[in-house]
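Enquirer: Take this structure first; my questions come after.
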Amino acid sequence: MSKKEIPTSLPEPRLRRAYREEVSARVLKEFGMKNIHQLPRIDKVVINVGVGRHLENQKLKPEYRDAVIGTLSTISGQKPIMILAKKAVSNFKVREGAPSAFMVTLRRERMWNFLDRLINLAMPRIKDFRGVSDKTFDRQGNFAMGLSEQAVWPEINMANINHSHGMNINIVFTHSDPKKSRLVLAELGMPFVKPEETSSKPVAAAAAQ
């Protein structure tokens, strides 16, 4: 292959193209914005898995650690970092400085590709799924949700995993508020629970079990 035939860039993520070509225009019209710089934007996605309950003598069990690292690395394409407890939690017998969670922060192409797989591959695999709650936006428009186990990701082979775990997913916005963020996510395909089903508890809740 000659140098001229080598691609200079990867294809634009599908959801980012949808946001740029379709969703942004809808948001501008819906909220009467005159300037594209006023648009709410997804800045990053943070995935974390709490491990404080699985400590043994203030050390994380190797098999559980490997399961969490393997899951986060596979679904995100990045190696997670370990977060240490900033203060002691007596209920979980966690001391200050002990492992408390593993975290991955996604931006740009990896962020968009992760959201696409979350919405279109992982969520449809949740049993008896009725949608995610739209009550977990904060005042800045950031959205938090959780998955109760990693089995919903098609790239995870549970036959090779001995420890099931959930995860928290936080979608962080800039220049936004709850209404704007909800519209953006809904237009991108986020399956929010329907109004007539709000009395039923969604499978994907605000925090992983």
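Taken together, the values in this text are just the output of simple stated rules run on the coordinates, not laboratory data. All of these numbers come straight from a predicted model, not from anything done at the bench. All Cβ positions, glycine included, derive from the backbone under ideal geometry; neighbour counts span all protein chains shown.
Enquirer: Show the residues, 5+ positions off or on another chain, whose built amide H is closer than 5 Å to the amide H of PHE173.
Expert: ASP43, ASN142, PHE143
Enquirer: Say R0 is 45 Å: what FRET efficiency, to the nearest 0.05, do LYS127 and THR174 get from their beta-carbon distance?
Expert: On the way: r = 35 Å, r/R0 = 0.77.
Once rounded, the FRET efficiency stands at 0.85.
Enquirer: Trypsin sites (Lys or Arg not before Pro), restricted to the stretch 116-189: which are DSSP loop and have at most 13 other Cβ atoms within 10 Å? Write down the numbers at each step before the final one.
Expert: On the way: sites: ARG117, ARG125, LYS127, ARG130, LYS135, ARG139, LYS179, LYS180, ARG182; in loops: LYS127, ARG130, LYS135, ARG139.
Filter output for the stretch 116-189: LYS127, LYS135, ARG139.
Enquirer: Sticking with this structure for a sec: Going by amide H atoms built from the backbone, whose H comes under 5 Å of the H on SER100, apart from near neighbours?
Expert: When sequence neighbours closer than 5 places are left aside, the close amide H contacts are ILE83, LEU84, ALA85.
Enquirer: Turning to a different aspect of this structure: Can you give the extra length, in nm with one decimal, that the chain gains between SER164 and ILE83 once fully stretched, where that is 0.36 nm per residue apart less the Cα-Cα distance?
Expert: Length difference between fully extended and current span is 27.2 nm.
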